[in-house]
Amino acid sequence: MTTHVLISEVGPRDGLQAMKRTMPTALKRAWIDALYASGLREIEVGSFVSPKLLPQMADTADIVAHARTKPDLTVAVLVPNLKGAIAAFASGAHKITIPVSVTEAHLMANIRKTHADIIEDVRQIVALRNDTAPGTSIEAGLSVAFGCTLAGAVSDDESMRIAHTMADLGVDEVGLSDTTGYANPRQVARLFKRLMAELGDRAGGAHFHNTRGQGMANVLAALDAGVTTFDASLGGLGGCPYAPGATGNVVTEDLVYLLETMGCDTGIDIDGLIAARKVLADALPGEALYGHVPDAGLQKGFVYADGRMPEPRDTFACTPETI
């Protein structure tokens with residue numbers, strides 16, 4: 001049987017907010033259009049945070065409105081607090097993700113809250129959703145679930161304690177994030193199996209960083225454990241400014257290639273991703289973009305898991321000179 005895998009593109013949020021410069025709104029819209037055209041059906045388009053802290057995200061409501069015009073697209077946003085959730089619900093976003101760090105050290109550095117604070121915030125956000133936006137999905141994204149550059153090692157029990165707390169508060173799903181690039185495949189398989197066994201249908205997806213080159217290995221471990229939703233970022237953009245050394249996300253182009261060659265149906269066209277990459281490169285000239293597939297191209301005889309054939313070509317015209 002073919003495994004269907006959902007790729008949630010987080011570049012417009014995780015990628016752009018990690019940069020010092022700001023992409024103009026019109027170019028963001030064009031990038032969203034190109035990502036959607038590639039077949040992506042869940043895109044985290046921004047975050048509702050203070051524009052003083054992250055001016056890169058100041059136009060998120062406008063981007064949500066634009067993305068909502070795309071049929072069958074789940075428009076996701078990140079919200080760090082109740083104020084952000086109020087704005088997200090008003091914007092009509094289909095899904096919100098609340099970053100909940102397993103360690104209090106990272107939580108304080110990231111959103112200036114204690115665990116008691118974030119628990120109360122989540123309680124109020126869920127209640128508000130139930131009253132005013134019952135169709136909006138809420139995810140608790142467990143940051144530093146596999147280790148923290150500020151607090152050190154994180155045990156499975158610590159991560160599961162927070163996961164259970166979030167589920168008890170009424171979130172729809174709990175995902176696990178390797179914010180710092182500390183995870184290893186055995187740890188990933190072990191923790192996701194436990195998450196699914198204990199939380200059932202509230203067990204969410206995986207968010208991996210490739211800081212130490214373990215991103216794809218961790219994807220395979222999570223896939224073998226039963227995970228079918230993965231975050232990724234076009235060109236590998238992104239990283240947490242409050243986790244020292246935590247560089248880019250798993251590259252969307254490479255992840256789709258990996259999954260499709262294994263017979264997993266993503267519904268995404270790699271040519272389309274390369275076109276979206278060109279839009280991104282034109283919008284942010286000089287920005288470093290990562291990925292092997294954009295340079296090497298597809299192997300001869302490549303066929304998508306659903307039987308689609310790619311456009312015939314030996315390599316993609318996406319060399320450093322053209323990006």
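In region 9-41, which trypsin sites (Lys or Arg not before Pro) are in a loop and have at most 13 other Cβ atoms within 10 Å, using DSSP for the loop call?
K20, R21
Shape class for region 3-296: rounded, because the ratio a/c of the largest to smallest gyration tensor axis (alpha-carbon atoms, square roots of eigenvalues) is under 1.5. Would any residue of region 37-62 have its amide N under 20 Å from a label point 7 Å out along Cα→Cβ of T132? List them or say none. Counting only backbone N, you get 46-51, 58-62.
Set the Förster radius R0 to 30 Å, insert the Cβ-Cβ distance between A153 and L6 as r into 1/(1 + (r/R0)^6), and round the FRET efficiency to 0.05. Computed FRET efficiency for A153 and L6: 0.50. The trypsin sites (Lys or Arg not before Pro) of region 273-312 meeting both criteria, a DSSP state outside H, G, I, E and B (loop) and at most 15 other C-beta atoms within 10 angstrom of the site's C-beta, are K300, R308. Per-residue extension of 0.36 nm, minus the Cα-Cα distance of L53 and M196, leaves a gain of 47.9 nm for this segment. Straight-line reach from K52: taking Cα to Cα under 21 Å and skipping same-chain neighbours fewer than 8 places apart, the lysines in range are K20, K28, K83, K113. Note on K70: aspartates and glutamates with a C-alpha under 16 Å away, same-chain residues under 8 apart excluded, are E9, D33, E42, E44, D62. Placing a label point 7 Å from the Cα of A26 along the Cα-to-Cβ line, the residues of region 45-80 whose backbone N sits under 17 Å from it are 59, 62-63, 66.
Values quoted throughout were computed directly from the atomic coordinates according to the rules given, and no laboratory measurement underlies them. On a predicted model such as this, the values are computed, not experimentally measured, just so you know. Every residue, glycine as well, gets a Cβ built from its backbone with ideal geometry; the counts of neighbours run over all protein chains shown.
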